[in-house]
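Have a look at the structure below before the remarks.
Quick note: the coordinates plus some simple rules give every number you see, no bench work behind them. Since this is a predicted model, take the numbers as computed values, not measurements. Positions of Cβ are generated from backbone atoms using ideal geometry, with glycine treated the same way; all protein chains shown enter the neighbour counts.
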Amino acid sequence: MPCLVTGTYTGDGAESRLISLGFQPKALLVMREEGYSARPYTDDYYGGLALPGKPVCLQTSYGTDYILTIESKGFRVYYNNSRHTISNQKEANYYYLAWK
């Protein structure tokens, strides 16, 4: 039976950061503290719904810009303000639901 794990993290502004859960989520939902995963009227992406092998990402002329990826022991968040991937913005608070 699936188990739901909830939590929070505060962004540190690193380009890539692992949020360790000790397990690989079957599904993951990340939202910013304000309650959104993408900011209205902008191109900024703060989270979303990721599945194993199905990351939250943007396809751009530069290639693939990742927002959330599921890993074997948790999930990875990213920050690149100029590319609008903002799931690890410094001092911003995020909430997640991870299905075990």
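Every pair of different Cα atoms in the chain enters the Kirkwood calculation, which places the hydrodynamic radius at 13.3 Å. Looking at the range 4-99 alone, DSSP beta bridges between its own residues are antiparallel in about 95 percent of cases. Considering only Ile70, Ile19, Ile86, give the residue with the highest GNM mean-square fluctuation for the chain, with springs between Cα atoms whenever their separation is below 10 Å. Largest GNM mean-square fluctuation: Ile19.
Which residues among the range 1-17 fall inside the zone where the amide N is under 20 Å from a point 7 Å beyond the Cα of Lys90, along Cα→Cβ? It comes to 9-17, nothing else. Charged neighbours of Gln24, selected by a Cβ distance under 14 Å, balance to +4 (K, R count +1; D, E count -1). Using a simple spin-label model with pseudo-atoms 7 Å out from Cα toward Cβ, Leu51 and Leu18 lie 2.5 nm apart.
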